[in-house]
Amino acid sequence: MGIGRRPAPPDRTKALAENQIAALWRLDITLREKTFWKMLYESAARADEVLCLNVEDLYLQDKRGRITAKGGATEWIHWQSGTAQLLPRLIARRTRGPLFLTDRKAPAGTPTLDVCPEIGRARLSYRRAEEIFEENTRLLANPLASPEDIEDLDGWTLHRLRHSALTHDAEDGTSTPMLLARSRHASLRSLERYARPGVDAVARHVAERDPAARRRR
């Protein structure tokens, strides 16, 4: 008897609605977080890939960055004008070292590759980046909750930004080859999780098919 392929666990991640993304950009957050979150959404890249970026990996004029994929292959992520406007302020005069840094000097024993050689601060970790995002999005994720209950609430995960970007691309009619290129997935099956229309897309579809709305045009 052959060994059957183990089914992949269902991905129950949901794309954020467009008004939720807009509310995210209105939060009073640091330049680092604003740039990081904007880059995640505009590039549809994985959070760990973006956190591994160094200043010297950026091609600012081309709005793209070089990342190293599994197996050592070089891949590229591309961003839009929102990220492009923020990056020069974040980088300031630095010419090398981790792009996203902690607020304090790197502790002794931190790997050299994870320390900025110019200002001595360490690379921001995935764990800390996830904590910051989750804490800052608790009220957005629970709009009916009271601010007094914020400690008992759960916010969003960083993966929601990548998922939302690809879902919104699909809703806007982006072709399958382009979705594969944007996601950097190798198979169509991997794209299925992003092909579920969100609330906004369903609402637009229903409105466009409303006979009364058609008569008003």
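Derivation of every value follows stated rules applied to the coordinates shown; laboratory data play no part. Since the model is a prediction, treat every value here as computed from it, not as a measurement. We place every Cβ from the backbone using ideal geometry, glycine too, and count neighbours over all the protein chains shown.
With just the Cα atoms of region 23-90, tell me how far they stretch along each of the three principal axes, in Å, largest first.
38, 22, 16
If R₀ is 22 angstrom, what is the calculated FRET efficiency for the pair E33 and Y126, using the beta carbon separation as r and rounding to 0.05?
Values: r = 14 Å, r/R0 = 0.63.
The formula returns an efficiency of 0.95 here.
So what does log10 I(q)/I(0) come out to for region 56-201 at q = 0.09 Å⁻¹, using the Debye formula with one equal point on every Cα and no solvent?
-0.40
Points 7 angstrom from Cα along the Cβ direction at R64 and T157: gap in nanometres?
Using points 7 Å along Cα→Cβ, the separation is 3.0 nm.
Counting other Cβ atoms within 10 Å, keep those with at most 10, restrict to DSSP loop, and tell me which GluC sites (Glu not before Pro) in region 145-191 are left.
Working: sites: E148, E151, E171; in loops: none.
Answer in residue order: no site qualifies.
Rounded to the nearest 0.05, what FRET efficiency is calculated for Q80 and A108 with R0 set to 35 Å and r the Cβ-Cβ distance? All intermediate terms of the calculation are to be shown ahead of the outcome.
Details: r = 39 Å, r/R0 = 1.12.
Efficiency, rounded to the nearest 0.05: 0.35.
For H185, project a label point 7 Å along Cα to C-beta. Then give me every residue of region 125-167 with its amide nitrogen under 17 Å of that point.
The answer is 159-167, whose backbone nitrogens lie closer than 17 Å to the label point.
Figure the gain on full extension for I119 and N142 (residue separation times 0.36 nm, minus the Cα-Cα span) and round it to one decimal in nm.
On the way: separation 23, 0.36 × 23 = 8.28 nm, distance 3.84 nm.
Value of the extension gain: 4.4 nm.
Can you bin region 44-134 into rounded, prolate or oblate? Criterion: square roots of the alpha carbon gyration tensor eigenvalues sorted a ≥ b ≥ c, rounded for a/c under 1.5, prolate for a/b above b/c, oblate for the rest.
Values: a/c = 1.43, a/b = 1.30, b/c = 1.10.
Verdict is rounded for region 44-134.
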